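Visitor: Shown below is the structure under consideration.
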Amino acid sequence: MAKIEFRHVVKRFGAVDVIPDMNLVIDDGEFVALLGPSGCGKSTSLFMLAGIYLPSGGELLFDGRVVNEVEARDRNVGIVFQSYALYPHMSVRDNILFPLRFKKTPRDEALARVKAVAELVRVEELLDRRPGELSGGQQQRVALARALVKEPELLLLDEPLSNLDASLRLSMRTEIKSLHAQLGVTTLLVTHDQIEATTMADRIICMRAGRIEQVGTPDDLYLRPSSLFVAGFIGSPP
Ligand code: ADP
Ligand code: MG
């Protein structure tokens, strides 16, 4: 069954249709990349999945249920942003604990969950620190732990590696892939980096100016680009 479906989804800001008509199916457990140049509507699409932006038209479905009106906190979605967006005044432990605040999870159970996800992303030694004391890579691991603590049905990653230096970016790609392999959580990675998309995703959704230009495996896009735009963007011969 499809986990996520965009059915004729529109997103309009003022008079501008930033997303004029989006149609897309993401299967349960898939790792897909939304790839395209800056300003093409990747984050807008991700924000609609997160419940941060409401669609202006069409239907957004999770497991066949329309979620257009479901508030962000009532969607079981974890998000990691490009800038870590951790709360600077809180310890790493409290940052990771934060998404559980609306849930009636008993405190000791919540703390056990925090410990488990912290071990998963290897930040268990850092739980008493503040975000300001951590490196960029460590902060991004904490952000991942925070995104995973509710055991989300969907993990959204918006340019999560863009602020990291090249070697760290490389190792984090592998770490995120291995997390996905362990957890099997449906994952949408937003990126403008074609190497990141081709090395990490099972399927790539290539966007241009609010529209989906091509959907396929990294090989499909590389070997059989549907347009000069895709060829140019992926770096394959036209
Ligand atoms: P990307 O993530 O691919 O770089 P975005 O989804 O952030 O692109 O933006 C797509 C377009 O929508 C841009 O032209 C941007 O200016 C516009 N946009 C995004 N969010 C808003 C908003 N809250 N209000 C008005 N315009 C917006
Ligand atoms: Mg963006």
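The values are calculated or read from the model by the stated rules, or taken from the named source; none is laboratory data. Just so it is clear, the model here is predicted, and its values are computed rather than measured. Because the Cβ atoms are built from the backbone with ideal geometry, glycine has one as well, and the counts that use them run over all protein chains shown.
Visitor: Checking residue 178 against (1) in contact (Cβ under 8 Å) with a residue 12 or more places away in the chain; (2) under 18 Å from the mean Cα position of the chain (by Cα), which single condition isn't satisfied?
Guide: (1)
Visitor: List every residue pair whose Cβ atoms lie under 6 Å apart, where the two residues are 6 or more positions apart in sequence or sit on different chains, the first residue falls within region 40-56 and is at negative phi and at pLDDT 95 or above, and the second residue, located anywhere, is away from ligand 2 (no atom under 13 Å from the Cβ) and part of a loop (DSSP other than H, G, I, E, B).
Guide: Pairs that qualify, where the first residue is at negative phi and at pLDDT 95 or above and the partner is away from ligand 2 (no atom under 13 Å from the Cβ) and part of a loop (DSSP other than H, G, I, E, B), are 40/209; 48/55; 55/68.
Visitor: Still on this structure, I have one more. Tally the residues that are over 27 Å from residue 183 (Cα atoms) and either among the acidic types (Asp, Glu) or within 13 Å of ligand 2 (Cβ to nearest atom) (or both), restricting the search to region 20-35.
Guide: Looking only at that region, the number is 1.
Visitor: Something else now. Restricting to region 164-212, and then to whatever is within 22 Å of residue 118 (Cα to Cα) and part of a loop (DSSP other than H, G, I, E, B), can you tell me which residue is nearest to ligand 2 (Cβ to nearest atom)?
Guide: 164
Conditions tested, residue by residue: (1) surrounded by fewer than 22 Cβ atoms within 10 Å (Cβ to Cβ); (2) more than 30 Å from residue 10 (Cβ to Cβ).
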site	(1), (2)
106	yes, yes
139	no, yes
149	no, yes
164	yes, yes
204	no, no
215	yes, no
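Visitor: Go through (1) touching a residue at least 60 places away in the same chain (Cβ under 8 Å); (2) within 20 Å of residue 192 (Cα to Cα); (3) out of contact with any Phe, Trp or Tyr (no Cβ under 8 Å at 6 or more places or on another chain) and name the single condition residue 159 misses.
Guide: All conditions are met except number (3).
Visitor: Out of all the residues in region 115-155, which are part of a helix (DSSP H, G or I), of a type in the set (A, V, I, L, M, F, W, C) and either over 18 Å from residue 89 (Cα atoms) or modelled with pLDDT under 95 (or both)?
Guide: 116, 117, 118, 120, 144, 147, 148
Visitor: Residue by residue through region 42-66, note down the ones that are within 8 Å of ligand 1 (Cβ to nearest atom) and under 21 Å from residue 202 (Cα atoms).
Guide: 42, 43, 45, 46, listed by residue number.
Visitor: Could you identify the single residue in 86, 100, 120 that is touching a helix residue (DSSP H, G or I) at 6+ places or on another chain (Cβ under 9 Å) and over 14 Å from residue 141 (Cβ atoms)?
Guide: It is 100.
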